[in-house]
Amino acid sequence: MKAKTWIFAHHFDGFPKDSDFELKEEELPALKDGEILCEAVVLSVDPYMRPYSRRMETGTVMVGTQVARIIESKNDKFPVDQHVVGWFGWRTHTISNGDQVQIMPHTGTLPLSLGLGILGGTGATAYFGFLEICKPKEGETVVVNAAAGAVGSLVGQIAKIKGCRVIGYAGTDEKCKWLKELGFDYAFNYKTTDLKKTLKDAAPNGVDCYFDNVGGAFSITVLDHMNEFGRMSICGAISGYNDKTPATGPYPFETILFKQLKVEGFLVTRWLEQFPKAFKEHMEWMKQDKLKYREHITKGFENMPAAFVGLLKGENVGKAVVKL
């Protein structure tokens, strides 16, 4: 059995380039007792891959999760034809002993790709990152940036389910239109509007919860509009992921101090054992038509780098996946 893999060939300098990746083939050995052979069905591309790559060694397989089908098994816990979610990286076929492999949640007639989105790490990120850190209360005002992305779009909808007023920011008018369809109270194109003015108009009484996917100058501005004892959940900082030199100042520590803000970053694996709780609630909300999703689908394993770069440039609406 031959596996195709995308190798991380060079550390990124600014936006990733085609030459930073190398497509290779490798011959897989026969299975040993306790092992399974998995064939990728759909792979995830996510913003975290960009900063994570800084700690990777060149010559290794690019990181990432995928939904895969077991095509051969010598492990009784993982029968043939079972679908799993695995931390296998950018590869078409993988031999695993079952570590870092989760049985795919039952999705019924819904697409398997939801195991990477609303019923996967993305969904858990929105659920726990917002509810556990921001602890929203009914009637509070919530701001979400990158709001038309996989995580942000879910956070805004969960905030509405919890009775909050939600202000979302995205990069195109089309994305903002979708956010309004999802029930966001306000949706602004940050590229064509004045952030300070929109915050003043949409949140005249200040902001209580801020779910941040962007960082940088955007977040400094939102901090100035936060209410005392506001809560800020740091999920990402995509505005600076491709910077060639680190950004400097302004520094928000005095604002955080005197407004007595809670500012907390997180990695969703903190709640790994509780993921089923989030997926169960998401399924219920979907059945009630309270939680909706979109997928940005790229076809073909050969297009993994293009899908990744497109994500970093904001081309996606909802969860970005690559289907084989």
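The values are calculated or read from the model by the stated rules, or taken from the named source; none is laboratory data. Please read these numbers as outputs of a predicted model, since none were measured by experiment. Methodologically, a virtual Cβ is constructed for each residue, glycine included, from the backbone with ideal geometry; neighbour enumeration extends over all protein chains shown. In case anyone asks, the SASA skips ligands and DNA or RNA and just uses the protein heavy atoms, side chains included. Shrake-Rupley method; radii C 1.70, N 1.55, O 1.52, S 1.80 Å.
Observations on the model:
- Qualifying residue in segment 223-232 (condition: open to solvent by less than 30 Å² (accessible area, probe 1.4 Å) and either part of a loop (DSSP other than H, G, I, E, B) or free of Cβ contacts under 8 Å to residues at least 24 places away in the same chain (or both)): no
- Filtered residue count, segment 233-271, keeping only those that are in contact (Cβ under 8 Å) with a residue 60 or more places away in the chain and among the hydrophobic types (A, V, I, L, M, F, W, C): 6
- On inspection, Glu284 fails the criterion of being at pLDDT 95 or above, surrounded by fewer than 16 Cβ atoms within 10 Å (Cβ to Cβ) and not in a helix (DSSP H, G or I).
- Complete set of residues in segment 294-316 that are crowded, with 19+ Cβ neighbours inside 10 Å, more than 15 Å from the chain's Cα centre (by Cα) and of a type outside the set (A, V, I, L, M, F, W, C): Thr298, Pro305
- Residue in segment 272-289 that is within 14 Å of the chain's Cα centre (by Cα), under 19 Å from Pro105 (Cα atoms) and charged (D, E, K, R) present: no
- Qualifying positions in segment 240-264 - closer than 16 Å to Met226 by Cα and polar (S, T, N, Q): Thr255, Gln260
- Asn189 satisfies every condition listed in (1) in contact (Cβ under 8 Å) with a residue 24 or more places away in the chain; (2) within 22 Å of the chain's Cα centre (by Cα) except (1).
Per-residue answers, yes or no, for (1) over 27 Å from Gly314 (Cβ atoms); (2) in contact with a helix residue (DSSP H, G or I) (Cβ under 6 Å, 6 or more places away or on another chain); (3) not polar (S, T, N, Q):
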{"position": "Leu28", "(1), (2), (3)": "yes, no, yes"}
{"position": "Tyr48", "(1), (2), (3)": "no, no, yes"}
{"position": "Gly59", "(1), (2), (3)": "yes, no, yes"}
{"position": "Asp76", "(1), (2), (3)": "yes, no, yes"}
{"position": "Asn97", "(1), (2), (3)": "yes, no, no"}
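- Matching option when the condition is without any contact (Cβ under 8 Å) to a residue 12 or more places away in the chain, out of contact with any strand residue (DSSP E or B) (no Cβ under 6 Å at 6 or more places or on another chain), under 30 Å from Glu181 (Cα atoms) and basic (Lys, Arg), among Lys280, Lys313, Lys292: Lys280
- Members of segment 49-90 found to be touching a Lys or Arg at 6+ places or on another chain (Cβ under 8 Å) and over 18 Å from Gly120 (Cβ atoms), listed by number: Val61, Lys74, Asp81
- Against the criterion of being under 24 Å from Met62 (Cα atoms), at pLDDT 95 or above and surrounded by fewer than 17 Cβ atoms within 10 Å (Cβ to Cβ), Lys290 does not qualify.
- Neighbours by Cβ (under 7 Å, 6+ apart or cross-chain): first from segment 54-67, over 26 Å from Gln102 (Cα atoms); second open to solvent by less than 20 Å² (accessible area, probe 1.4 Å): Thr58/Phe8; Gly59/Ile7
- Per-region count, segment 42-67, residues on the phi < 0 side of the Ramachandran plot, crowded, with 16+ Cβ neighbours inside 10 Å and under 19 Å from the mean Cα position of the chain (by Cα): 15
- The set of residues from segment 1-26 being open to solvent by 20 Å² or more (accessible area, probe 1.4 Å) and within 25 Å of Lys313 (Cα to Cα) comprises Trp6, Ala9, His10, His11, Phe12, Asp13, Phe15, Lys17, Asp18, Ser19, Glu22, Leu23.
- Residue match in segment 246-265 (condition: at pLDDT 95 or above, surrounded by fewer than 18 Cβ atoms within 10 Å (Cβ to Cβ) and under 30 Å from Phe15 (Cβ atoms)): yes
- Pair list, Cβ under 6 Å, 6 or more apart: segment 9-28 residue farther than 17 Å from Ser53 by Cβ, other residue of a type outside the set (S, T, N, Q) and part of a loop (DSSP other than H, G, I, E, B): Leu28/Met1
- Picking from residues in segment 106-118 that are assigned to a loop (DSSP other than H, G, I, E, B) and under 12 Å from the mean Cα position of the chain (by Cα), the one that is surrounded by the most Cβ atoms within 10 Å (Cβ to Cβ) is Ile118.
- Filtered residue count, segment 74-95, keeping only those that are buried (at least 16 other Cβ atoms within 10 Å of the Cβ), touching a Leu at 6+ places or on another chain (Cβ under 8 Å) and in contact (Cβ under 8 Å) with a residue 40 or more places away in the chain: 6
- Identification of helices (runs of 4 or more DSSP H) wholly contained in segment 132-217 with 3 or more residues that are surrounded by 24 or more Cβ atoms within 10 Å (Cβ to Cβ) yields 150-161.
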